[in-house]
Amino acid sequence: MIKTKTKEELETMRRAGAILAKILNYLRAVIRPGISTKELEIIADEQFQRYKVVSAFKGYKGFPASICTSINEEVVHGIPSERQLKEGDIISLDLGIRLNGLYCDMAYTQPVGKIKTDVQRLIDVTKESLMKGIKQARINNRVSDISYAVQTYVESNGFSTVRDFVGHGIGRQLHEEPQIPNFGRPNCGDVIREGMVFAIEPMVNMGTWEVEILENGWTAVTKDRKPSAHFEHTVAILESGAVILTQ
């Protein structure tokens, strides 16, 4: 069953989303060639403490870090390490927090210095596909309308959407019903109702949609090792339409 949120819960999630967006923007500002992903995690932890929020990821099903840092062909669940970013890389930052028992989740793919034109286009298309999906997150639409909007936009631009990982409901739990794939037919699945909150997150690959999991048991990479981009917002469904909480 898809849980709807009370006005009080939505207000807490709005506050959490605003904090999360500030933290992610802070991280984006310090990304540069030579910084390690472990340093990014340390900075994120300092910001979590500053805003008195808790990482949603640390320890979740055994995940060993506070944030996800996925570089180039890494799709999701990259684990911070001593690896340093270099000019021409892209990095997907995925962050989640808990505030007063409620979660928010977001992701952003950031260039490191100057990147190739086709990789920048991958980022731009992924970001826009998220907005296409959000536009379909409205009362009386169905969940698959979000999926269809993302897939059709991505594929019309020559890229592919990952099948193995999905967006999701969010609230008292980090992952709630429904699952929100980034592919599928329109007008299927659950009807969208006021008060629902979704984490919509297109993961888009330059080549094949297929992925593999590395030996660490977490990090997913593209099977052909071509770049991947990832954007995510937590979105509340209101009578007036979808409201992005993480901005």
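Could you pull out every one of the aspartates and glutamates with an alpha carbon less than 12 Å from that of Lys52, ignoring same-chain neighbours closer than 8 positions?
Within reach: none.
For the chain, modelled as a GNM with alpha-carbon contacts under 10 angstrom, which of Leu214, Leu95, Leu27 fluctuates the most?
Leu214
So which trypsin sites (Lys or Arg not before Pro) in the stretch 133-179 end up in coil per DSSP with only 16 or fewer other C-beta atoms within 10 Å?
Arg163, Arg172
Hey, in the GNM for the chain with a 10 angstrom Cα cutoff, which one of Asp145, Asp45, Asp105 fluctuates hardest?
Comparing Asp145, Asp45, Asp105 in a Gaussian network model of the chain, the most mobile one is Asp45.
When all alpha-carbon pairs of the stretch 1-58 are counted, what percent fall beyond 13 Å?
Result: 67 percent of Cα pairs exceed 13 Å.
Could you work out the Rg to Rh ratio of the stretch 136-247, with Rh taken as the Kirkwood radius (inverse of the mean 1/r over all Cα pairs)?
Here the Rg-to-Rh quotient is 0.99.
Sort Val166, Val197, Val211 so that the residue with the fewest other Cβ atoms within 10 Å of its own Cβ comes first and the one with the most comes last.
Val166, Val211, Val197
In sequence order, what are the phi-derived ³J(HN,Hα) couplings for the stretch 180-186 according to the Karplus relation 6.51 cos²θ - 1.76 cosθ + 1.60 with θ = phi - 60°, rounded to whole Hz, with x for glycine and proline?
With coefficients 6.51, -1.76 and 1.60, one gets 10, x, 9, 7, x, 7, x Hz.
Alpha carbon centre of the stretch 178-214 versus the stretch 1-52: separation in Å?
Measuring centre to centre over Cα atoms gives 22 Å.
Give me the net charge of Gln151's neighbourhood, meaning all other residues with Cβ under 15 Å from the Cβ of Gln151; Lys, Arg count +1, Asp, Glu -1.
0
Starting from a Cα-only point model with no solvent, please compute log10 I(q)/I(0) by Debye for the stretch 7-244 at q = 0.09, 0.17 1/Å.
-0.34, -1.28
Classify the stretch 35-84 as rounded, prolate or oblate from the Cα gyration tensor: take a ≥ b ≥ c as the square roots of its eigenvalues, call it rounded if a/c is under 1.5, otherwise prolate when a/b beats b/c and oblate if not.
Verdict is oblate for the stretch 35-84.
Straight-line reach from Lys114: which lysines fall under 26 Å, measuring Cα to Cα and dropping same-chain residues less than 8 apart?
Counting by Cα, and skipping residues close in sequence, Lys114 has these lysines nearby: Lys22, Lys38, Lys86, Lys127, Lys223, Lys226.
Please build a GNM for the chain, connecting alpha carbons under 10 Å apart, and tell me which residue among Ile35, Ile123, Ile97 fluctuates the most.
Greatest mean-square fluctuation among the candidates belongs to Ile35.
Using alpha carbons only, how many angstrom separate the centre of the stretch 72-127 from the centre of the stretch 146-163?
19 Å
Where a ≥ b ≥ c are the square roots of the eigenvalues of the C-alpha gyration tensor, would you call the stretch 18-137 rounded, which needs a/c under 1.5, or, failing that, prolate if a/b is larger than b/c, or oblate?
Taking the square roots of the gyration eigenvalues as a ≥ b ≥ c, the stretch 18-137 is oblate.
Quick note: the coordinates plus some simple rules give every number you see, no bench work behind them. Remember, predicted model here, so these are calculated numbers, not experimental data. All Cβ positions, glycine included, derive from the backbone under ideal geometry; neighbour counts span all protein chains shown.
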